[in-house]
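The values are calculated or read from the model by the stated rules, or taken from the named source; none is laboratory data. Note that the coordinates shown come from a computational prediction; the quantities given were computed from them, not determined experimentally. A quick note on method: Cβ atoms are made from the backbone with ideal geometry, for glycine too, and the neighbour counts reach across all protein chains shown.
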Amino acid sequence: MDNYQLIATSAMGLEALVAKEVRDLGYECQVENGKISFSGDEKAIARTNLWLRTADRIKLKVGEFKATSFDELFEKTKALPWEKYLPEDAQFPVIGKSVKSKLFSVSDCQAIVKKAVVDRLNLTYKRTSRFEETGALFRIEVALLKDIATITIDTSGSGLHKRGYRAAQGDAPLKETLAATLVMLTNWTPDRPFVDPFCGSGTISIEAALIAQNIAPGFNREFVSETWNWMPNKIWKDVRTEAEDLANYDQPLDITGSDIDHRMIKIAEENAFEAGLGDLIHFKQMQVTDFTTKKEYGVIVGNPPYGERLGEKKAVEQMYREMGQTFAPLETWSIYMLTSHPDFEKFYGKQATKKRKLFNGFIRSDYYQYWGKRPPR
């Protein structure tokens, strides 16, 4: 098997979590802003796509070099071994981005990289006519940062947040990768109760169940690199068999999702069913102030309304206040809330044990963490 330079891309602020996941799979890595670099063979491409819960994509790095002129970008791109990756019938669209670089016209950079790849492939395949591009998809990206061009091929296809279970969603769905992040940043273990009181389409509860039973998040979807001629089908079959063997389907779960909107409960139930977890997660229509429990040492993870829309702010602040009063008696429970409201602690009535900056899409938010008493050993 060959060795490849690989990149797991990450949302801002999640690099350390993605890096831990990469290391847990057995790959040494280096962390930079928004990306985690590591090396591995074809099996590493398959395993990281299948297993990483918090990464956005897995990219294969073809080359990296300084480029301050279009000629330099063209010649250095053409010098890369494109024939190693792209068969004669490959589809290879080029996307791009440029930050703080002399070559700032993204469309020009894309066109130059495309021409350089075509010229290189012509040397190998001896084409006298244009490439038909009717085969497997190899999406190329040219990313310029401070005059350094990084050329990659996307191995994932759809972003890794597309798990394959979300049949329907609400108005402001939480990305599956962020939902997994929220769960992984808690102190929850599968032997304790887990509650999402603002469950929406059920994403947090579903991700918690996948984590608890060690089910690979990409198990029920396909990846673009499965269609590549140099990625043997046996590798994908082997990594899926490995994932099936590692799953702990017998792990009992106590996971509840609730929402004030009965339509969202129906959607959440459908999504849990698609994920193969329909009988393991309990969903019910309920407003957060009706929550009561005699259980101990549970964990609550929520993504409540932020109050960003006109006219909603006062109602949301009152809801935060009532939620704080509802959860106040839960001394042994740990509570985690993601919101962009700058005064959440004031209305909730308690200062967080810890808070962490996260981005929900492009919304800068804080993850407020209230740690309860430790469960007895």
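I'd like to know if segment 14-32 contains one or more residues that are assigned to a strand (DSSP E or B) and in contact (Cβ under 8 Å) with a residue 60 or more places away in the chain.
No, that holds for no residue.
Which residues, taken from segment 1-13, are closer than 16 Å to Asp56 by Cβ and either buried (at least 22 other Cβ atoms within 10 Å of the Cβ) or without any contact (Cβ under 8 Å) to a residue 60 or more places away in the chain (or both)?
Leu6, Ile7, Ala8, Thr9, Ser10
Output the residues belonging to segment 1-13 that are aliphatic (A, V, I, L, M) and in a strand (DSSP E or B).
Within segment 1-13, Leu6, Ile7, Ala8 meet the criteria.
Taking segment 45-71 as the region of interest, how many residues are of a type in the set (A, V, I, L, M), part of a loop (DSSP other than H, G, I, E, B) and over 17 Å from the mean Cα position of the chain (by Cα)?
Filtering segment 45-71 down to residues of a type in the set (A, V, I, L, M) leaves 45-46, 50, 52, 55, 58, 60, 62, 67.
Now restrict to residues that are part of a loop (DSSP other than H, G, I, E, B): 52, 55, 67.
Subset that is over 17 Å from the mean Cα position of the chain (by Cα): 67.
The total comes to 1.
Hey, can you tell me all the residues within segment 92-128 that are of a type in the set (Gly, Ala, Ser) and closer than 20 Å to Thr155 by Cβ?
Within segment 92-128, Gly96 is the sole residue that qualifies.
Which members of segment 1-59 meet the condition of being under 17 Å from Val183 (Cα atoms) and aromatic (Phe, Trp, Tyr)?
Within segment 1-59, just Trp51 meets the criteria.
Tally time: how many residues in segment 270-286 are within 19 Å of Ala172 (Cβ to Cβ) and of a type in the set (D, E, K, R)?
Matching residues across segment 270-286 total 1.
Please enumerate the residues belonging to segment 181-233 that are among the polar types (S, T, N, Q), surrounded by fewer than 21 Cβ atoms within 10 Å (Cβ to Cβ) and either at pLDDT below 95 or not in a helix (DSSP H, G or I) (or both).
Thr186, Asn187, Thr189, Gln213, Asn214, Asn220, Asn229
Every residue in segment 114-152 that is touching a Phe, Trp or Tyr at 6+ places or on another chain (Cβ under 6 Å), closer than 24 Å to Ile36 by Cα and part of a loop (DSSP other than H, G, I, E, B), please.
Residue satisfying the conditions is Phe138 alone.
Given the conditions (1) at pLDDT 95 or above; (2) farther than 23 Å from Thr177 by Cα; (3) not in a loop (DSSP other than H, G, I, E, B), and given that Lys355 satisfies all but one, which numbered condition is not satisfied?
(2)
Yes or no, residue by residue, for (1) within 30 Å of Lys357 (Cα to Cα); (2) at pLDDT 95 or above; (3) more than 23 Å from the chain's Cα centre (by Cα):
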| residue | (1), (2), (3) |
| --- | --- |
| Glu21 | yes, yes, no |
| Asp24 | yes, yes, no |
| Glu42 | no, yes, no |
| Glu83 | no, yes, yes |
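Please find, among Asp245, Asp259, the residue that is out of contact with any Asp or Glu (no Cβ under 8 Å at 6 or more places or on another chain) and crowded, with 22+ Cβ neighbours inside 10 Å.
Exactly one residue qualifies, and that residue is Asp259.
Look at segment 284-339 and say how many of its residues are in a loop (DSSP other than H, G, I, E, B), within 29 Å of the chain's Cα centre (by Cα) and of a type in the set (A, V, I, L, M).
Qualifying residue count for the region: 1.
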